[in-house]
Amino acid sequence: MSIRRSVPAADGAVLNVELDGPADAPVTVVLAHGWTLDVRLWGPVARLLVQGPGPVRVVRYDHRGHGWSAAVDPASMTIEQLADDLAAVIAAVAPHGPLVLAGHSMGGMTLMALAERHPSIVERAAGIALVSTASGGLAGRVPGIPLPARTFWRPLEERLYASRPWCTRPRLGHRWLLAPALRRLLLGPDASPEARRITSEMIAACRPLTMSGFRPTLEAHERDAALEAFAPIPTAVLVGAQDRLTPVAATRRIASALPSAGLTIFPEAGHMLPVERAAGVAGRIRALAAGAVPAAH
């Protein structure tokens, strides 16, 4: 049973945090989710980590504007602010001891910004997992839309984001309406019914203003240099072979900037590795946590 608590960010925004596993575990694993998602993304991985060998404490949290965290002004929807929020979460629930930091998609970008803005926290990390993410190169890209069609799609997308009635809705829509398109865009061909359900439920529940508000910071994200901070830390870089949002090329860019990292490409998997390949992702995070245990004693 997860313990849920609220943590205030530096600017007063209220962040939802969920804790699993023993409070006195020697290692704390912190899991950051991606854009338009929430703590449910990491649920299958968290369960496997807590049930597996070697006690770990698992921290999941909702980024500002996502899930059960408070809605915020779009002006604060930046990856830099997300890094500050993550620092606030760690200070509140895991102020001491070794950490394993894992980030999916925008969560991985948050870890890169954390290295820039809060290097002392990254120095505590005994392991880093960068899952289905990118260090840059996202400007001008429309995920899942073929290049020839982007010229026509982008103006339509911008008008949609600028529509006040649409952006002020409490959620994107109904799960059953979104599921077919989301399956093609986000999931691999053999995604389980549970992976499909979790994905569509999360995105259907996302606030439209959150989707539109974070788009500029994702496009501005360029943090190859920040990866240097991870060089002395055991790092796992994971991607699905069928990922359309942060494709294998984006992961190879990370690997080329961080040659000490271990690269894993999951065949037939899409962007949603924590629900599509929960056992594989949990296994790699558990290995990072196991390596941290000697440092905890």
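Within the stretch 214-232, the set of residues being closer than 15 Å to residue 110 by Cβ and either β-branched (Val, Ile, Thr) or assigned to a helix (DSSP H, G or I) (or both) comprises 217, 218, 220, 226, 227, 229, 230.
Table: residues versus (1) part of a helix (DSSP H, G or I); (2) aromatic (Phe, Trp, Tyr); (3) surrounded by fewer than 23 Cβ atoms within 10 Å (Cβ to Cβ); (4) at pLDDT 95 or above.
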site: 82; (1), (2), (3), (4): yes, no, no, yes
site: 85; (1), (2), (3), (4): yes, no, no, yes
site: 92; (1), (2), (3), (4): yes, no, yes, yes
site: 115; (1), (2), (3), (4): yes, no, no, yes
site: 140; (1), (2), (3), (4): no, no, yes, no
site: 143; (1), (2), (3), (4): no, no, yes, no
site: 151; (1), (2), (3), (4): yes, no, yes, no
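Return yes or no: is residue 227 at pLDDT below 90, aliphatic (A, V, I, L, M) and either within 17 Å of residue 260 (Cβ to Cβ) or open to solvent by 40 Å² or more (accessible area, probe 1.4 Å) (or both)? So residue 227 does not fit the description; no.
If you filter the stretch 94-108 down to residues that are touching a residue at least 60 places away in the same chain (Cβ under 8 Å) and assigned to a loop (DSSP other than H, G, I, E, B), you find that the one that is nearest to residue 275 (Cα to Cα) is 105. Among the residues of the stretch 23-46, some residue qualifies, meaning at least one is closer than 17 Å to residue 88 by Cα, out of contact with any Phe, Trp or Tyr (no Cβ under 9 Å at 6 or more places or on another chain), in contact (Cβ under 8 Å) with a residue 40 or more places away in the chain and crowded, with 24+ Cβ neighbours inside 10 Å. The residue that is farthest from residue 230 (Cα to Cα), among those in the stretch 256-279 that are of a type in the set (A, V, I, L, M, F, W, C), surrounded by fewer than 20 Cβ atoms within 10 Å (Cβ to Cβ) and touching a strand residue (DSSP E or B) at 6+ places or on another chain (Cβ under 8 Å), is 266.
Just one of the listed residues (200, 163) is surrounded by 12 or more Cβ atoms within 10 Å (Cβ to Cβ) and modelled with pLDDT under 75, and it is 163. Considering (1) open to solvent by less than 10 Å² (accessible area, probe 1.4 Å); (2) within 25 Å of residue 200 (Cβ to Cβ); (3) out of contact with any helix residue (DSSP H, G or I) (no Cβ under 7 Å at 6 or more places or on another chain), the lone condition that residue 110 does not fulfil carries the number (3). Screening the stretch 47-75 for residues that are open to solvent by 20 Å² or more (accessible area, probe 1.4 Å) and assigned to a helix (DSSP H, G or I) and picking the one that is farthest from residue 271 (Cα to Cα) gives 75.
The values are calculated or read from the model by the stated rules, or taken from the named source; none is laboratory data. Keep in mind that what you see is a predicted model, and the values were worked out from it rather than measured. Quick reminder, even Gly has a Cβ in these numbers, built from the backbone with ideal geometry, and neighbours come from all protein chains shown. What goes into the accessible areas is simple: the full protein's heavy atoms, side chains included, and nothing from ligands, DNA or RNA. Shrake-Rupley method; radii C 1.70, N 1.55, O 1.52, S 1.80 Å.
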